[in-house]
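The values are calculated or read from the model by the stated rules, or taken from the named source; none is laboratory data. Model, not experiment: these values are computed from the prediction. Here Cβ is always computed from backbone atoms with ideal geometry, including for glycine, and neighbour counts include all displayed protein chains. Areas reflect the complete protein model, heavy atoms only, side chains present, ligands, DNA and RNA absent. Shrake-Rupley method; radii C 1.70, N 1.55, O 1.52, S 1.80 Å.
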Amino acid sequence: MGRSMLKYVRVRDYLRSLVTHELAVGDPIPSERALCERFGVSRMTVRQAVDALVVEGLLAREQGRGTFVAPTKVDLEVRLSSFGEEMRRRGMEPASKVLAAEVAQATPDVADALEILPGEDVWSLHRVRYADGEPMAIEQTWLPRALLPGLLDDGVPESLYGELRRRGHVPDWGEETVAAGEADAEAADLLGVADGAPVLRLTRRTFAGQTACVYARSSYRADRYVLWVPLRAPRARLTPRTRDAAGGPAEERHEAASAVAGAGIDAAGAAGHEAAGAAGRDRT
């Protein structure tokens with residue numbers, strides 16, 4: 001490792017120690033001048049160290065004001081739990097703002113995810129999810145209307161997963177994909193971030209036995225979430241759910257679900273609005 005790299009690492013590690021042991025969220029870090037004098041390095045080296053911690057999410061720059069300790073990220077754990085459950089587990093109070101709640105006709109992609117025919121009625125929800133009053137995620141959720149008649153008769157239930165359990169459709173496994181993305185103008189406004197800010201895009205399907213009961217797409221603030229996934233030694237081969245030649249559920253679906261549960265991912269495999277979502281959350 002070159003000498004300049006060693007100087008950069010020393011400054012970076014010093015700042016990381018300050019952030020994790022001495023400073024609080026919102027506190028400013030020492031000035032570039034003070035750091036240059038303390039370590040005998042150039043401003044370029046100091047900026048390189050600060051840039052690294054900004055990328056990690058430990059520091060945040062505010063134009064015209066300086067660099068401050070960023071809010072702690074919430075670990076978006078990949079497991080089948082509710083947004084509310086996840087936030088309360090972290091000592092935060094969850095809330096939702098309903099942007100839309102209506103009956104809609106399933107588009108081909110939604111129909112495929114819920115294993116129904118295109119055009120069939122679904123419950124369609126669009127919500128912003130909050131923790132301690134701060135927007136964390138935007139969620140779009142679809143559920144088969146035939147499976148849950150009268151779901152919105154008294155407004156949006158506090159917990160969709162809770163309502164499913166109450167009606168005998170216990171969510172017991174699911175599958176989720178996570179990808180990086182950027183917030184468009186509308187999402188940025190709802191999340192309180194800059195246009196083009198990074199987000200975690202989660203897509204989740206939730207099942208009760210062999211019945212697809214929830215499909216959700218979410219955008220989680222990347223500055224407030226870090227994805228956390230427990231790992232174990234590999235067991236049975238995991239494969240995405242597929243449909244058989246007749247269009248019905250393939251036999252190996254539940255075998256894949258059992259393998260996921262055995263791999264320590266709490267049968268979640270968004271996603272899913274509790275991270276992302278997070279990651280990580282009756283996101284529904």
- Note on the structure: Sole miss for Pro135 among (1) in contact with a helix residue (DSSP H, G or I) (Cβ under 8 Å, 6 or more places away or on another chain); (2) closer than 17 Å to Tyr215 by Cα; (3) surrounded by 16 or more Cβ atoms within 10 Å (Cβ to Cβ) is condition (2)
- Glu85 is checked against (1) modelled with pLDDT of 85 or more; (2) surrounded by fewer than 19 Cβ atoms within 10 Å (Cβ to Cβ); (3) within 23 Å of Gly155 (Cα to Cα) and fails just one. What number does that condition carry? (1)
- Task: Starting from residues that are charged (D, E, K, R) and under 19 Å from Val54 (Cβ atoms), keep the ones in the stretch 190-227 and report whichever is most open to solvent (accessible area, probe 1.4 Å).
- Result: Asp195
- Task: Only one of these is modelled with pLDDT of 90 or more, open to solvent by 50 Å² or more (accessible area, probe 1.4 Å), more than 22 Å from Gly57 (Cβ to Cβ) and not in a strand (DSSP E or B): Ala111, Ala146. Name it.
- Result: Ala146
- Query: Between a first residue in the stretch 148-176 that is under 17 Å from Ala101 (Cα atoms) and a second residue that is surrounded by fewer than 16 Cβ atoms within 10 Å (Cβ to Cβ) and among the acidic types (Asp, Glu), which pairs have beta carbons less than 9 Å apart while being 6 or more apart in sequence or on different chains?
  - Reply: Leu152/Glu102
